[in-house]
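Values in this text are rule-based calculations from the coordinates and carry no lab data. Only a predicted model underlies this, so the values are computations on that prediction, with no experimental measurement involved. Please note: Cβ atoms are built from the backbone with ideal geometry, for glycine as well, and neighbour counts cover all protein chains shown.
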Amino acid sequence: MGSSNGLRLAICAICIASAACQEDGEYYYGPYDVNPEEGDLFEGDIVLEKSLKNAVMGTHRLWPNGVVPYEIDPAANYGAFELSRIQKAIDDYNRFTCIRWINRTTEKSYVQFIRGTGCSSSVGRSSASRSQRISLSRSCFSHGAIVHEMMHALGFYHEQSRADRDDYVTIMYANIEPGKENNFKKYSPSQVQTLGAPYDYGSLMHYGKYSFSKNAKATIVPKDPKAWIGQRSGLSTIDKYKINKLYNCTGFTGTLPPLTTPMTTTTTALPPNRIFKGPFSCNFDKDTCSFTQDVNDDQDWTRFTGKAPSAGVTGPTADHTNGTGHYMYYEASRHGVGDVASLRSPGIDLPGTVCLEFWYYMFGHTLGQLDVYTAVNGNETNIFVAKGSKGNRWLLAQEQLNFTDVTQLVFKATRGNGDFSDIAIDDISVQAGKCITPTVMAINGPFHCDFERDCGFTQSSEDDFDWSRHRGKTASANTGPNGDHANGKGYYMYTEVSGSLKAGNRASMATPPINLSGKVCISFRYHMYGNSVGELNVYTSRNNSSKTRVFAFSKNQGNVWKYAQTAYQFTAPTQVIFEGVRGANYDGDIAIDDIHVVPGDCPAPPSTSAPTTTRPTTRPTSATAPPSTSAPTTTRPTTRPTSATAPPSTSAPTTTRPTTRPTSATVKPAVISAATTTRPAVTTQKAVVSTVRPTILTAPFTCNFDKNVCGFTQSSSDQFDWTRHQGNTSSPKTGPSKDHTTGSGYYMYIEASSPQRPNHTAIIHSPTINIKGKSCISYWFHMYGGSMGRLTVSVLIGSKRNVLFTTTGDKGNMWIPKRHTWAFDVPAKIEFQAICGPYYASDIAIDDVSVTSGPCPVIAVTTVRPPQTTKAPVVLSGAFNCNFDKDTCGFTQDKSDTFDWTRQNRTTSSANTGPMTDHTTKADGHYMYIETSNPRQPNDAARLISPVLTMQGQVCINYWYHMYGFAVGAFNVFILSGGKKTALLNLRGNMGNQWRQGQSNWVFTAPTQLVFEAIRGSSYTGDIAIDDISVNPGPCPSVAPTTTMKPKAIVLNCDFSKDLCGFVQSTTDNLDWLRNSGSTPSSGTGPTADHTTGTGNYLFIETSGKATNDSALITSPNLNVTGTICVSFWYHMYGAEMGSLKVYRDTGVVRSPIMVLSGNKGNKWLQAAVTLTNVQPTYKVAFQAIRGRNYRSDVAIDDISITKGTCSGGSALIG
């Protein structure tokens, strides 16, 4: 592949450079391999001239005097974080070598840092008269990756290219991707200089063990079994030596220890107070035990206590020692892929055989890696490595070592490809003598495990990752179960295959030895759902001898728990081993539950055609007959009664005939069947299929389903039945939690889980109702779920269906009333038809069905609200504090609004909006919130009014609010005093899933009330909540005292709903900002709606058909204000090739940037704010959007607000 300067390209990847590296459109980088791939490059990331086929051998390829001029390509649009990373790499060279990277002025030969599509560099100085490039894409900003490419530019090839490499490593050509073999080329001594240095396994320039692997097997195997290759932390000691040797840095006096020969490294002596003689132990409860942070890494470890900031998705909930102490913790948020945090112990003087023990915690689906090294005289040796998520628990590591000198332990945490990469360590111990392996005690008698407790399973130390104990849904979409097998609320074990894992990686765990003899039955439930499911293998092993495989499953088995059992002959204590094998991609989670090993033959297995909820099979034969009892079964009868007078039969459980033959005399065939549920089992009663002549009733007819089904009958022309039920349905995030009538009664619903399929229909008919004239048909319905289907209600006269009502879509977690006036002239039935949506979250329910004489009364929406009573407001004379845990503290609902606030504990009823807990207790306390589901409409308002507060003078008003959801509307706080309402706070839009504090000083001069107003946004995902409201005498501790805090003066406020608000397009740019409503024209970029209401307007740039770096500039009118202002706005930057958004202060003479935003921020509106000082009346604010590399770079802005004073929160301050 040629280019204008005769260069040919190649790149080395931090992940294995193969198809397996790419998951769901993103590259998942492991911490130790090569740098992200860019085309067909030589040796992975080297840009070579065609005439140059060896390493740097002559001085013409070196940078004169070790000085490297460089510049940053302006088109790269590097952000502050990326620029700081480049600077940190430059600082390393300036610190450890005589090389000096300087800002280019007029030099013709220089390095230019560009944003390419990967990481790459030339080797050495390519020309004396032109520039050369170091390409750094967004995936290249780990510290080691940048330093690596810069070392290429100084003149260095990869370490494994040396002539003597075969003495140190073995290249496994059979495992290398076809066409990538050139990356493992070896050079002769005449081609590559070694500079007299020994082979360096620890070099930053060495490939990793799995580089360019085609099958997840090693491509480079060190001959030293203790060697660890492919580090990307920074320059090794020998790397530093070779750079200084190549550039003849004889006078270099930096902090690099002097090297007398390339074979040895001087010892950095530890001070006596950092050497522990004898055994060493540390639980971090008192201090850090003289552990120190390395200065050459990217981040630091933190001493921490209690629940980690992201506990539940990553990080521990408490320390290991006693649950109340401290631990050391690496927080992965806001850091880069491959970042390293290194923690170094004091020196340990304990010669001889020692046992190192420590506990570590690695939980999170984007986890990176934990490495542990011993360091002696500056030389580090890797002794432990753990990759990927190990489950939500502390794990013990043991390593038996031989200390020959004072030794330090080095714990290095490497960030994975996302924020869910927190790592923790605790209880570190080094004791004299051999390690004692914990004894696994045998279990006498049957073995049962549902994972609700510790069942004694042990994780293998010879696999690639661990099984994880979990409850609820797994972390990845479209794979794994939604809950355990038993009831959906308990625990199960599963393999989390996201992150840096590779195809073929294995997780293995074993039961304790089970001491049974003779014939036993092994049974369990398993779940294998996802497009990339690998394998589940089950083995038995006696006395740690060889394994015998008794089960093997592979590929996608559907989103259902399945059952497996087999008979086996035990002749000695035996372990059952479960092995999960990762498939090609992240959507391949495998789960197991309810494991039983019991003596005797296996019983008949559960049915293969069971529905997804387990129900007793008592079914009433009519509306008046008592139910008959049949033998336990979970299957719906496959035939309906043939006679109206014949009672239902009593049938035995259905069984599945084995489909495999015995493999030996001692092993019976495994029996596999679909489980009785994909989610929690429930106790419920199947609705009746009438076996008697239909009942004809005279109105009025009413039914709340509390006693029976009131003569309703199932249709014989549908695919499944309605179910009479009490309490929660079996599936999370769909269906009601209680009936409508009393909250403790029954209702009818459809269970949309497997074996139901999309568009499966359930139809139920009322008894025939004989009524004349106009009548009112009334019922309540419930349609809550993210994949909701359709409900249709009809009047059925003979075979003629007259549709009264049909609706589809999620209506929120609430019962909704419906009434229809119908003129009956002949007997008729009421038909309820429910159709399943595309997924299980489409349960539909009905309750309180009635038919009464006369037309339906006209009712307003407000009749759904609780009845209001007129009460005099509560009057309080002292301080006011309310957390809503006991009651509403005298707050009253405003009767002039549209709907009411609701007192709530735990989560709100709708997904992706509202808080999970109250603010006070973070658990079971209460708060007030607005429920924005149907029948609420956009701009509906709810106002909550405090008691009358009669305090006088300075007070502190404090409250907490929660505004989370895509369609959050507005939240306002007012002061009501003397008949005058004054705004205290005005907020709008999604503020994230967290409680935020509001606090203001105010002066009370008359009886005063607080008014909390919430306005519904464009959709149901707009719940707003408040908690912990207090009004106390005196100034607020965190707000400067003031006589009166008035609302900030508004300089400019624009949501573009009417016009451009005086903003003016530039005439010297390439593009214009466009005012738009709804989605932008291009897919995969731009917003789908404005930020303000979801139905309004915003500004955006349309980048289709435009050129890279084309820009659009729009400028505000004169601000007409002096002093300090806050510029706040919402922006949307979604697209794979996103460019940048720049905000300027325009003085009329010069335009200076005050904020730069670059790159894909995801499909969401985000808020930014910046404080400007020394503003003059003629100043303006300008917004410039710059196109990225293709059309997927639309930038949008909305809700621009400029107010006097400083911005609240952590905004920048621009002078």
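A few remarks follow.
- Among 1051-1057, 1021-1027, 76-82, the order from most to least packed when residues are scored by Cβ within 10 Å on average: 1021-1027, 1051-1057, 76-82
- Above-threshold pairs, the threshold being 26 Å between Cα atoms, out of LYS307/LYS412; LYS981/LYS1180; LYS519/LYS562: LYS981/LYS1180
- Karplus-derived HN-Hα couplings along region 463-475 (A = 6.51, B = -1.76, C = 1.60, θ = phi - 60°), whole Hz, x at Gly and Pro: 9, 9, 7, 10, 6, 10, 8, 8, 9, x, 7, 6, 6
- Ordering PHE403, PHE524 from the fewest to the most neighbouring beta carbons within 10 Å gives PHE403, PHE524.
- Gap separating the Cα centres of region 440-463 and region 112-152, nearest whole Å: 51 Å
- For region 363-428 versus region 1130-1193, the gap between their alpha-carbon centres in whole angstrom: 41 Å
- Tensor-based shape of region 360-484 (alpha-carbon gyration tensor, a/c under 1.5 rounded, otherwise prolate or oblate): oblate
- Relative contact order (percent, whole number), region 1052-1214, Cα cutoff 8 Å, 6+ residue spacing: 32 percent
- Euclidean distance of C-alpha centroids, region 991-1020 and region 772-829, integer Å: 40 Å
- Mean Cα-pair separation over length for region 272-432, i.e. relative contact order, pairs under 8 Å, 6 or more apart, %: 33 percent
- Each peptide in 388-397, 590-599 receives the mean, over its residues, of other Cβ atoms within 10 Å, and ordering these scores from highest gives 590-599, 388-397.
- Modelled spin labels at VAL826 and GLU71, positioned 7 Å past Cα toward Cβ, are 9.0 nm from each other.
- Residues TRP822, TRP561, ranked from the fewest to the most other C-beta atoms within 10 Å, line up as TRP822, TRP561.
- Stretchable slack from GLN191 to ASN986, in nm (0.36 nm times residue separation minus alpha-carbon distance): 279.2 nm
- For the peptides 125-138, 762-775, the ranking by mean Cβ contacts within 10 Å, running from highest to lowest, is 762-775, 125-138.
- By the count of other C-beta atoms within 10 Å, a proxy for reagent exposure, ARG549, ARG274 are ordered fewest to most as ARG549, ARG274.
- Using a cutoff of 8 angstrom between alpha carbon atoms and counting only pairs six or more residues apart, the relative contact order for region 443-599 works out to 35 percent.
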